Every structure is written in structure tokens, then in C-alpha cells.
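Reviewing the structure listed below.
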Amino acid sequence: MDLRMSGPIAVYEIQMTFRAPLPFVFTWCTDYTPADRKLEGDPGSRKILRKSTRTVVYEDLNDTPHGWMWSRQTVTLRPPDRWTAVAVGNYRTWELEYSLRELPDGQTRFTMRGKRRATAVGVRNPSKRALESELRSMWANLGRNLERDYRAERRRAS
């Protein structure tokens, strides 16, 4: 039995605007580290398994009321403004597309689109509204850190 094919597919999308130029945003968003979970506001752990100029593979682990939730993400980088990820885990699978668009005022528009499917052991997909709200909150946390790092870099450069 293929556990990844157990539930219906749900499609989610969020957009954010970051106060930083596209090259900085791309580099910051695709420089995966174990510390990212804390920046997301997530108590789980992350282990980077492989990192190259075009691919990142990492695993996340969370302790949940239902037991351990594990996932492995394989990220494909498509500089300068896109990346994709496939996440396979014991609770859900994801196919994610990330894109950036330069805005005229030096800001960057971030879009994340995902298809999510619960596995046989996972709980069913949350509502579109609930998960998109959770994703916006996570990316707002990341965005605050991204913008802080951009301001710090500009101060060092001047």
C-alpha cells in the first residue's frame, strides 16, 4: 500500500511581500540550516542531509500529540527566482512551488503554492483557510528575520 496516496489532494497558496531585493530574498530563503525551524516559530528539529548549488535534502522531525511526525524534503533550486520541493513524510506529502517577483520599490513578492495529501496515518488536511493562515504566520516570522538580516547587511556595507 502506498501511504502517500491515501487522502485527497488539497491545494494551498500564500503570497507575502518582503522589504528586500530579489537576489537577497532568494539567497536567504534557499540557504537551508537547522536553525530555520526556530525562525519559523516551530519547535521541531531539522537535519540537513545534503546541500549543493542546485539541491538541498533535509529531514524535519516533530513530536506531536499523535506521535512523531517526520518528513524528508528534496528541494530543487532554480535561480534566480524559483525553487521547488517535494516532501514525503509519515503524516503527509507535499509538492511545493516557490517563486519571487521583483517589485519596483526594491521589495520582493513571494508566492508559495502547494499540493498536500495526508497519508493513512496522518490526520486529514486542514481547511484551506486554516492552513493558509498557519503558512502566512510562519512566513511572517521568516520575513521579519529576513528583513532584519537585510537591514544588518546594508548597515555593514555602508
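What do you reckon, is TRP94 farther than 21 Å from ARG19 by Cα, in a strand (DSSP E or B), over 14 Å from the mean Cα position of the chain (by Cα) and not acidic (Asp, Glu)? Reasoning before the result, please.
On the way: farther than 21 Å from ARG19 by Cα: yes; in a strand (DSSP E or B): yes; over 14 Å from the mean Cα position of the chain (by Cα): no; not acidic (Asp, Glu): yes.
Taking the combined requirement at face value, the residue does not satisfy it.
Of all the residues in the range 102-130, those that are closer than 16 Å to ALA87 by Cα, part of a strand (DSSP E or B) and open to solvent by less than 90 Å² (accessible area, probe 1.4 Å) number 5.
Is there a residue being touching a Ser or Thr at 6+ places or on another chain (Cβ under 9 Å), under 19 Å from MET138 (Cβ atoms) and not in a strand (DSSP E or B) anywhere in the range 61-68? For the range 61-68, residues touching a Ser or Thr at 6+ places or on another chain (Cβ under 9 Å), under 19 Å from MET138 (Cβ atoms) and not in a strand (DSSP E or B): absent. Return the pair list, or none, for Cβ contacts closer than 7 Å from residues in the range 131-158 that are in a helix (DSSP H, G or I) to residues that are among the small types (Gly, Ala, Ser), at least 6 apart or on different chains. Taking only residues 6 or more apart or on different chains, the pairs are MET138/GLY41; ASN141/GLY41; LEU146/ALA20; GLU147/ALA20; TYR150/ALA20. Taking the criterion of being of a type outside the set (A, V, I, L, M, F, W, C), open to solvent by 50 Å² or more (accessible area, probe 1.4 Å) and either touching a Leu at 6+ places or on another chain (Cβ under 7 Å) or at pLDDT 95 or above (or both), the residues of the range 75-101 that qualify are ARG78, PRO79, PRO80, ARG82, GLU95, GLU97, ARG101.
Restricting the search to the range 139-158, which residues are among the aliphatic types (A, V, I, L, M) and open to solvent by less than 50 Å² (accessible area, probe 1.4 Å)? Result: ALA140, LEU142, LEU146, ALA152.
Can you name the residue in the range 113-140 that is polar (S, T, N, Q) and out of contact with any helix residue (DSSP H, G or I) (no Cβ under 6 Å at 6 or more places or on another chain) and is also nearest to THR30 (Cα to Cα) among such residues?
Within the range 113-140, the first condition is being polar (S, T, N, Q), and the residues that meet it are 119, 125, 127, 133, 137.
Now narrow it down to the ones that are out of contact with any helix residue (DSSP H, G or I) (no Cβ under 6 Å at 6 or more places or on another chain): 125, 127, 133, 137.
Numbers: ASN125: 26, SER127: 28, SER133: 22, SER137: 19 Å.
Among those residues, the one meeting the criterion is SER137.
You will find that of PRO23, PRO8, PRO43, the residue that is closer than 25 Å to ARG154 by Cα and open to solvent by 30 Å² or more (accessible area, probe 1.4 Å) is PRO23 and no other.
The values are calculated or read from the model by the stated rules, or taken from the named source; none is laboratory data. Because the structure is predicted, anything quoted here is derived from the model rather than measured. Glycine gets a Cβ as well: all are built from the backbone with ideal geometry, and neighbour counts include every protein chain shown. We work out accessible area using only protein heavy atoms, side chains counted, and drop any ligands, DNA or RNA first. Shrake-Rupley method; radii C 1.70, N 1.55, O 1.52, S 1.80 Å.
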